[in-house]
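Structure record follows, encoded as structure tokens.
The values are calculated or read from the model by the stated rules, or taken from the named source; none is laboratory data. Please read these numbers as outputs of a predicted model, since none were measured by experiment. Here Cβ is always computed from backbone atoms with ideal geometry, including for glycine, and neighbour counts include all displayed protein chains. Side chains included, ligands, DNA and RNA excluded: accessible areas come from the protein's heavy atoms. Shrake-Rupley method; radii C 1.70, N 1.55, O 1.52, S 1.80 Å.
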Amino acid sequence: MNKKLLLVYLIILIILIIIAQLIIPKQNKENNLVTEQLKKFSYYKKENLSRYLSYKQLNNNLSINEIITNVNIGLDNPYYTNIKETTIKDPILILVNKYNYLKDNYIPSNLETINEKYSTSQLKLVLEAKLAFEQLSEEASKHNLNIKAMSAYRSYTYQETLYNRYVQKDGSIKADTYSARPGHSEHQTGLAVDVHNTVLPYTSFDKTNEFTWMKENAHKYGFILRYPKDKTNITGYDYEPWHYRYIGIEHATYIYENNITFDEYYIKYLDK
Ligand SMILES: [Zn+2]
């Protein structure tokens, strides 16, 4: 072999070793520092450490809090990857999103039909959510506002039909931005309700006085706007001014006051 060439290779190798020696300790030092900061959060998960560190490198603009929350939600992976069956400790606080699903045979045990006065068709919600929704709608009517349910509990099979129809129409990439895959729909929990004011189409609900009222009052009845305009990167869904989720007054009030999503709230306070 050409001696000169061998020498060049040797020099390159030595340079690479020197660079590595300089970079690796710096990276390790940085990682150690980040790790110390991560550990201060109560929702830090040891098993997610390497994911926090890689996510931090790709998203240096995010705070440590955001790094932990997003990774715990699953956002360091594309939607619908690393999915798992959701854990049900309290059936009112089920988390269903693009990383947590309900089995095809999950049907809430206490579904009740919403009084037709507050609904535009025969729709069901879990008893607590149904009663709260009826109260909400009744109170709104006292202010001459018309808030009616137009979609509530949906079975796995119904969601499957709905999603497949959207995929046929728009393709799966587009459909995923506005429709949940079967098992991943909050409507299967019996705790989500889509509303309209019966005048404008539901997609224009945010242009109504009813929406303005909902924004300030839904939490008082235990409901939250589940897919807000400025949180699409966390929820993974387009803005849905018509979709409300029941979680009870205490949790809904916290979410309202702190302007966070249920996904974040769940990771921080319920995922113990
Ligand atoms: Zn909905």
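What are the radius of gyration and Dmax of the range 76-184, computed over its Cα atoms and given in Å?
Calculated on Cα positions, Rg and Dmax stand at 16.1, 46 Å.
Between Tyr158 and Asn259, how high is the FRET efficiency from 1/(1 + (r/R0)^6) when r is the Cβ-Cβ distance and R₀ = 30 Å? Nearest 0.05.
It comes to 0.40.
Which distance in Å, rounded to a whole number, links the C-alpha centroids of the range 142-172 and the range 5-77?
42
First measure r as the distance between the Cβ atoms of Leu127 and Lys26, then evaluate 1/(1 + (r/R0)^6) with R0 = 51 Å and state the FRET efficiency to the nearest 0.05.
Working from the Cβ atoms, E equals 0.30.
Quick one: among Val34, Val71, Val195, which has the greatest mean-square fluctuation in a GNM of the chain with alpha-carbon springs under 10 angstrom?
Maximum among the listed residues: Val34.
Send over a whole-number figure in Å² for the accessible area per residue of the chain, probe 1.4 Å.
Result: 56 Å² per residue.
Give a residue-ordered list of calculated ³J(HN,Hα) values for the range 14-21 (Karplus: 6.51 cos²θ - 1.76 cosθ + 1.60, θ = phi - 60°; whole Hz; x for Gly, Pro).
Listing the rounded values in order: 4, 4, 4, 4, 4, 4, 4, 4 Hz.
Quick query: amide H of Ser119 versus all other amide H atoms, modeled in the peptide plane; which residues come in under 5 Å with a sequence gap of 5 or more or a different chain?
Under 5 Å from the amide H of Ser119 lie the amide H atoms of Ala149, each far enough along the sequence or on another chain.
As an exercise, take the mean of 1/r over every pair of distinct alpha carbons in the range 185-236, invert it, and state the Kirkwood radius in angstroms. Walk me through the numbers on the way to the answer.
Numbers: mean 1/r = 0.0815 Å⁻¹.
After inverting the mean inverse Cα-Cα distance, the result is 12.3 Å.
Could you check which residue among Ile11, Ile67, Ile260 shows the biggest mean-square fluctuation in a GNM of the chain with a 10 Å Cα cutoff?
Checking each option, the largest mean-square fluctuation is seen for Ile11.
Arrange the peptides 244-253, 156-165 so that the one whose residues have, on average, the most other Cβ atoms within 10 Å appears first.
Numbers: 244-253: 20.9, 156-165: 15.9.
Answer by packing, highest mean first, reads 244-253, 156-165.
Which of Tyr9, Thr232, Ala20 sits closest to the plus end of the dipole of the chain, meaning its Cα is farthest towards the positive end, when Lys and Arg get +1 and Asp and Glu get -1 on the C-beta?
Toward the positive end, the furthest listed residue is Tyr9.
Using a Gaussian network model of the chain whose springs link C-alpha atoms within less than 10 Å, name the residue from Glu36, Glu66, Glu210 with the highest mean-square fluctuation.
Glu36
At 1.4 Å probe size, with the rest of the protein present, what percent of the exposed accessible area of the range 84-270 is carbon and sulfur atoms? Kindly include the intermediate steps, with their values, before the conclusion.
Numbers: 4260 of 8760 Å².
That fraction is 49 percent.
Run the dipole for the range 84-270 about the Cα centre, Lys and Arg Cβ at +1, Asp and Glu Cβ at -1, nothing else charged, and hand back the magnitude in debye, nearest 20.
Value, rounded to 20: 300 debye.
I'd like the accessible area for Lys215: 1.4 Å probe, protein heavy atoms, all chains in place, Å² to the nearest 10.
Ignoring ligands and nucleic acids, Lys215 comes out at about 110 Å².
Given the Cα-Cα distance of Asn144 and Trp213 and 0.36 nm per residue of separation, how much length would full extension add, in nm?
Roughly 23.8 nm would be gained on extension.
Evaluate 2.2 N^0.38 Å with N set to the residue count of the chain, then give the Cα radius of gyration divided by it. Walk me through the numbers on the way to the answer.
Numbers: Rg = 24.1 Å, N = 272, 2.2 N^0.38 = 18.5 Å.
For the chain, the normalised Cα radius of gyration is 1.30.
Using a Förster distance of 30 angstrom, determine the FRET efficiency expected from the C-beta separation of Lys45 and Thr177, and round it to 0.05. Before the final figure, lay out each step's value.
Numbers: r = 28 Å, r/R0 = 0.95.
Step by step, r from the Cβ atoms, then E = 0.60.
Please compute the modelled spin-label separation between Ile17 and Val167, points set 7 Å along Cα→Cβ, answer in nm with one decimal.
If labels sit at Val167 and Ile17, their model points lie 5.5 nm apart.
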